[in-house]
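The values are calculated or read from the model by the stated rules, or taken from the named source; none is laboratory data. Remember, predicted model here, so these are calculated numbers, not experimental data. Positions of Cβ are backbone-derived with ideal geometry, glycine not excepted, and every protein chain shown enters the neighbour counts.
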Amino acid sequence: MLPASSTPLMLRHDADLTPFNTLALPARARMLAHIRSADDARRLAGDAALRGERRFVLGGGSNLVLDGDFDGLVLKAEIAGRALVAEEDGYRVVAAGAGEIWHDFVQWTLTQGWPGLENLSLIPGTVGAAPIQNIGAYGLELAERFHSLTAIDLGSGETKTLDLAACRFGYRDSVFKQEGWHRDGRMLVSEVRFRLPLRWQPNTRYADVAGELAARGIAEPTPRAVADAVIAVRQRKLPDPAVLPNAGSFFQNPVVDAATAASLAAAHPALPRYAQADGRVKLAAGWLIEAAGWKGRSLGPVGMYEKQALVLVNRGAARGGDVRALAAAVQADVAARFGVTLVPEPIYLCVA
Ligand code: NAP
């Protein structure tokens, strides 16, 4: 367990959520609680005055569409802490508090000489949010480095430990999304434990990472070199939310059956396709959006980014409705052209 702080619970009324979402959408919450320890979450769960309130758990706000004001209680997970917990069966078990910034935590593990998370460098958001959608990039998913997590049941105040099987991870998916625990504010992740291999192998199978390492003349990369390559590729292709507000990839890559993939490939030979272990085929959503004419195109104050069509950007003063309208237009055009349904990756938090 990471050390638990016992600070007074910070609860604000009529709080501005604009600084807490990377799309910079304006919204207010009737109440906002800054959760800085597992105890804070337990105390809040036991508070009779707050029973029955609509709740939402907020991490880094980097995978969120705020669609109006929230008439309820937002719990912002800000629990800090990082520690080596154990070494067992060829792995290091490393724990981090839910409020740790994901990228800073990854860089810290590398500085300690504990590789394994380098392909996930520069992903926005917090440690606690990472398991919710099983973050992944450049050929690595969080599930592959996951040990367990601790969550507080905000109804009963109980502390629960979920192992790999209990998290039911899938492609950008977990039990938290499947059961709506996160969206409905049922569970707050307080701590995540990672399983980092003692015997490390570089994972450079994604062309962008391999290309970046080759361009730097690195044939046998260290974990730091892989991290630096990933960071360089991401900085080239993805907008910095502090400069151009966005929520990363806006749509999931669709996974279709083999027959659908074959007929799409016959009609569109350039469509990137990646065979999955279960026989289905993953398509690149960014390619579909670009082919449907949306790369660099705007609708009102929002648009699909010119260097990466999968990223929806706020070009200024957008509201949740603008995001919804653009997402629907892109979905409609991709469906009409390819017969493929695009599913948004971010969570929509709607007006009560
Ligand atoms: P990319 O390299 O241009 O490739 C397009 C898509 O094809 C990716 O989404 C990726 O799927 C898939 N792909 C590429 N090479 C693959 C391979 N060797 N094996 C299997 N699938 C392959 O993609 P990108 O948009 O620049 O993104 C690079 C990586 O960062 C991807 O893994 C992407 O998921 C991740 N990323 C995630 C977010 C987010 O917000 N969730 C934002 C930006 C980037 P996968 O997505 O399944 O890897």
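When the residues of the stretch 62-74 are filtered to those that are away from the ligand (no atom under 16 Å from the Cβ) and surrounded by fewer than 24 Cβ atoms within 10 Å (Cβ to Cβ), which remaining residue is nearest to Gly321 (Cα to Cα)? Walk me through it before giving the result.
Here is the first cut: in the stretch 62-74, the residues away from the ligand (no atom under 16 Å from the Cβ) are 66-74.
Filter once more, so that each one left must be surrounded by fewer than 24 Cβ atoms within 10 Å (Cβ to Cβ): 67-69, 71-73.
Numbers: Asp67: 6, Gly68: 8, Asp69: 12, Asp71: 17, Gly72: 20, Leu73: 22 Å.
Residue satisfying both the conditions and the ranking: Asp67.
For the condition outside any helix (DSSP H, G or I), of a type in the set (A, V, I, L, M) and more than 19 Å from Leu149 (Cβ to Cβ), what is the one hit in Ala95, Ala29? Quick ask: steps written out before the conclusion?
On the way: Ala95 fails: more than 19 Å from Leu149 (Cβ to Cβ).
Of Ala95, Ala29, the one residue that is outside any helix (DSSP H, G or I), of a type in the set (A, V, I, L, M) and more than 19 Å from Leu149 (Cβ to Cβ) is Ala29.
Rundown of residues vs (1) buried (at least 20 other Cβ atoms within 10 Å of the Cβ); (2) at pLDDT below 90; (3) more than 22 Å from the chain's Cα centre (by Cα); (4) not hydroxyl-bearing (Ser, Thr, Tyr), yes/no style:
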position: His13; (1), (2), (3), (4): no, no, yes, yes
position: Thr18; (1), (2), (3), (4): no, no, no, no
position: Ile35; (1), (2), (3), (4): yes, no, no, yes
position: Ala38; (1), (2), (3), (4): yes, no, no, yes
position: Gly46; (1), (2), (3), (4): no, yes, yes, yes
position: Gly60; (1), (2), (3), (4): yes, no, no, yes
*Can you tell me which residue within the stretch 297-350, out of those that are surrounded by 15 or more Cβ atoms within 10 Å (Cβ to Cβ) and acidic (Asp, Glu), is nearest to Ala129 (Cα to Cα)?*
Glu345
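Leu283 - would you say it is under 16 Å from Asp208 (Cβ atoms), aliphatic (A, V, I, L, M), buried (at least 20 other Cβ atoms within 10 Å of the Cβ) and in contact (Cβ under 8 Å) with a residue 40 or more places away in the chain?
On the way: under 16 Å from Asp208 (Cβ atoms): no; aliphatic (A, V, I, L, M): yes; buried (at least 20 other Cβ atoms within 10 Å of the Cβ): yes; in contact (Cβ under 8 Å) with a residue 40 or more places away in the chain: yes.
No.
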*Scan the stretch 232-254 and give yes if some residue there is under 24 Å from Gly170 (Cα atoms), within 9 Å of the ligand (Cβ to nearest atom), over 19 Å from the mean Cα position of the chain (by Cα) and among the basic types (Lys, Arg), otherwise no.*
no
*asked:* If Ala130 meets every condition in (1) crowded, with 24+ Cβ neighbours inside 10 Å; (2) among the aliphatic types (A, V, I, L, M); (3) in a strand (DSSP E or B) apart from one, which number is that one?
replied: (3)
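Given the criterion of a type outside the set (A, V, I, L, M, F, W, C), within 13 Å of the ligand (Cβ to nearest atom) and over 17 Å from the mean Cα position of the chain (by Cα), identify the matching residue among Thr204, Thr222.
Values: Thr222 fails: within 13 Å of the ligand (Cβ to nearest atom).
On inspection, the qualifying residue turns out to be Thr204.
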